[in-house]
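Reading through the structure tokens given below for one structure.
The values are calculated or read from the model by the stated rules, or taken from the named source; none is laboratory data. Here the structure is a predicted model, which means the values were calculated and not measured. Glycine also receives a Cβ, built like all others from the backbone with ideal geometry; neighbour counts cover every protein chain displayed. What goes into the accessible areas is simple: the full protein's heavy atoms, side chains included, and nothing from ligands, DNA or RNA. Shrake-Rupley method; radii C 1.70, N 1.55, O 1.52, S 1.80 Å.
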Amino acid sequence: MTPSNPETGRVLLVDDEAAFQRLGGGFLRSLGHEVDIAGDGEAALARFAAQRPELVLLDLAMPPHMDPERGLELIPRLAGVPVIVLTGHGEHELALRAAELGAWDFITKPIDPDLLRFVVARALRKSRLEAELLRLRAEQGADDLGLVGQTPPMQQLRAMVRRVAPTRVSVLVLGPTGTGKELVARALHEGSPRRDGPFVVVHCGALSAELLESELFGHMKGSFTGAYRDQPGLVEAAHGGTLFLDEVGEMPPAMQVKLLRFLQEGTFVPVGGRVQKTAEARVVAATHRDLEAMVRDGAFREDLYYRLKGVVLRTPALAERMADVPLLAARFLQRGAPQARFSAGALAWVTARDWPGNVRELKAIVESAGALLLPEQHEVDTELLRLAAGDSSEAPRSIEPAASTGVLDAALNELERRLIQDAMSAAGGNQSEAARQLGVSRVGLIKKLTRLGLR
Ligand SMILES: Nc1ncnc2c1ncn2[C@@H]1O[C@H](COP(=O)(O)OP(=O)(O)O)[C@@H](O)[C@H]1O
Ligand SMILES: [Mg+2]
């Protein structure tokens, strides 16, 4: 067998018997495995850390006193790889305890080579499948987080998020409003080892310097009117997790200094307090502002800026990735109204519109259009979208095209109007006949006539 065989791998053999080390080790090598050997528990842990084996074969009777308890203790510390336990005859109870501690399988000594070969190959195969499944789930998870988009800028952004998420590095997310900065921050948290810890959002622009300080670092009882008791701050709430500083560009200068100290030293003093406290959190900051220009103008501390931008991620404006609009619209509609579809005109409308509010605006309009659907209505059409966007007017659009009307939409309306006019005159004004010619229902035709102002 060659090392590339999917059923061979790096095996750590933990056994104190020289004879078995030689024979068992030799047998496994002859099958194509890479074999590493440890004679006691301490050596086993050292080899485990250094070699990262894919599988461990563990004899429970460990020196110094051949005490199986010492072997059992090892099992939970060999986490992440299958451990196959070697037991003596009749040691069923021991095997059971090993299983409870997470052992994968067991083989009784003296060992049948065929059984050993089979058990080892199966364990490697299964553990690789599990690892692959986990990886796929993680990938799926990142997409489930909702960073929707297939255009190159979105693919790049997702790749960067995956790469940076597991690290502790500070991330600065830059991009226009509504482009998914907070979503990126959450994805970074979910993809990190801190995912089970807290994700805490601080809205830096929403509060005065005094309130923001108290919000972030907490305050002591009596430190200001209304402070009836000690109140811990958000940095403490974020301990062990991720602290998301949203709109960090709005942070008042007095607070910037205090934040910098927390970032550099992990320490802070609550408002009205005298004792320094500590907390540990990964920091992700975001802003729609041009922070670099703010630094040049002296509105944002340079040292803080450098501290925050360990890595910079940019969320592109929707205008830079219009090809994602139909996909985004479809996702948002599907979440709110699973049965509904867009009409072709509606899709043309969403792609022709410019989206100053970016994804947030698109999402809001699509969601309210979905909510406006009548019980039996399964198609979101242009009319409904306009209504949801709040730019429907009494006068039909095609008569008074507003500046914001998409070019494509206006063109489609114009085309529709001409076709209907032609059909109506060909049918001598008979609506049923014109509808038949156009391949629409009579009610559908009347609706169109009304919308286009032709009645
Ligand atoms: N790429 C995207 N895929 C799916 N939903 C998105 C995407 N970008 C933004 N959103 C959604 O749009 C809204 C605004 O996103 P948010 O992260 O709050 O933007 P920002 O923080 O940049 O202002 C949220 O509801 C978010 O879920
Ligand atoms: Mg935001």
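For the chain, dividing the convex hull volume of the Cα atoms by the residue count gives 262 Å³ per residue. Shown here are the Rg and Dmax of the Cα trace of region 321-392, at 10.8, 34 Å. The magnitude of the dipole of the chain, with charges of +1 and -1 set on the Cβ of Lys/Arg and Asp/Glu and taken from the Cα centre, is near 1040 debye. Calculated FRET efficiency, residue 151 and residue 42, Cβ-Cβ r, R0 60 Å, to nearest 0.05? Calculated value: 0.65.
In order along region 103-113, the phi-based Karplus estimate (6.51 cos²θ - 1.76 cosθ + 1.60, θ = phi - 60°) of 3J(HN,Hα) comes to 5, 8, 6, 9, 10, 8, 8, x, 8, 7, x Hz; Gly and Pro are listed as x.
FRET efficiency for the pair residue 360 and residue 267, taken as 1/(1 + (r/R0)^6) with r the Cβ-Cβ distance and R0 = 41 Å, rounds to 0.70.
Among the GluC sites (Glu not before Pro) found in region 256-338, those both in a DSSP coil and sparsely packed, with 15 or fewer other Cβ atoms within 10 Å of their Cβ, are 280.
Extending 7 Å from the Cα toward the beta-carbon at both residue 367 and residue 117 defines two label points whose distance is 6.1 nm.
Once both labels are positioned 7 Å from their Cα atoms along Cα-to-Cβ, the gap between residue 96 and residue 447 label points is 6.9 nm.
Convex hull volume of the C-alpha atoms in region 156-244, normalised per residue: 105 Å³. The residues 59, 230, sorted by heavy-atom accessible surface at 1.4 Å with ligands and nucleic acids left out, run 230, 59 from largest to smallest.
Under 30 Å Cα-Cα from residue 126, which lysines qualify once same-chain neighbours fewer than 8 residues away are excluded? Straight-distance partners of residue 126: 109. Over the chain, dividing the summed -39,500 (n - 2.57) contributions of all DSSP H runs of at least 4 residues by the number of residues returns a 222 nm mean residue ellipticity of -14500 deg cm²/dmol. Placing unit charges on each Cβ (+1 for Lys and Arg, -1 for Asp and Glu) gives region 321-392 a dipole about its Cα centre, and among 328, 339, 364 the Cα reaching farthest toward its positive end belongs to 328. For region 148-314, the Kirkwood estimate of hydrodynamic radius, built from reciprocal distances between every pair of different alpha carbons, is 16.4 Å.
Annotation: amide H-H contacts under 5 Å for residue 34 (H modelled 1.01 Å from N, sequence separation of 5 or more, or interchain): 9, 10, 11. Phi-derived couplings, Karplus 6.51 cos²θ - 1.76 cosθ + 1.60 at θ = phi - 60°, listed residue by residue for region 29-42: 5, 5, 7, x, 6, 8, 10, 10, 10, 10, x, 8, x, 5 Hz, with x used for Gly and Pro. The trypsin sites (Lys or Arg not before Pro) of region 186-243 meeting both criteria, a DSSP state outside H, G, I, E and B (loop) and at most 11 other C-beta atoms within 10 angstrom of the site's C-beta, are 221, 229. Would you list which lysines come within 20 Å of residue 277, measuring only between C-alpha atoms, while excluding same-chain residues fewer than 8 positions from it? Excluding near neighbours in sequence, the set is 221, 258. The loop-placed trypsin sites (Lys or Arg not before Pro) in region 236-277, going by DSSP, that have at most 16 neighbouring Cβ atoms within 10 Å of their Cβ come out as 274. Between the exposed loop cleavage positions of the chain, defined as chymotrypsin sites (Phe, Trp or Tyr not before Pro) in a non-H, G, I, E, B DSSP state with at most 14 neighbouring beta-carbon atoms within 10 angstrom, the longest gap is 229-455. The smallest convex shape that holds all Cα atoms of region 22-173, its convex hull, gives 154 Å³ per residue.
For the chain, which whole percent of the accessible surface, found with a 1.4 angstrom probe, sits on carbon and sulfur atoms? Could you put the intermediate results ahead of the total?
Numbers: 12790 of 24030 Å².
Reported share for carbon and sulfur atoms: 53 percent.
Over the chain, Cα pairs under 8 Å with separation of 6+ residues give a relative contact order of 10 percent.
Where does helix 253-265 land angle-wise versus the long Cα axis of the chain, in degrees 0 to 90, nearest 10? In the chain, helix 253-265 runs at an angle near 20 degrees to the longest axis. Residue farthest toward the positive end of the dipole of the chain, with Cβ of Lys/Arg at +1 and Asp/Glu at -1: which of 187, 264, 116? Farthest towards the positive pole: 187.
Straight Cα distances below 30 angstrom link residue 363 to the lysines 181, 309, 447, 448, with same-chain residues fewer than 8 positions distant left out. Label-to-label distance for residue 67 and residue 295 is 5.8 nm, based on points extended 7 Å past Cα in the beta-carbon direction.
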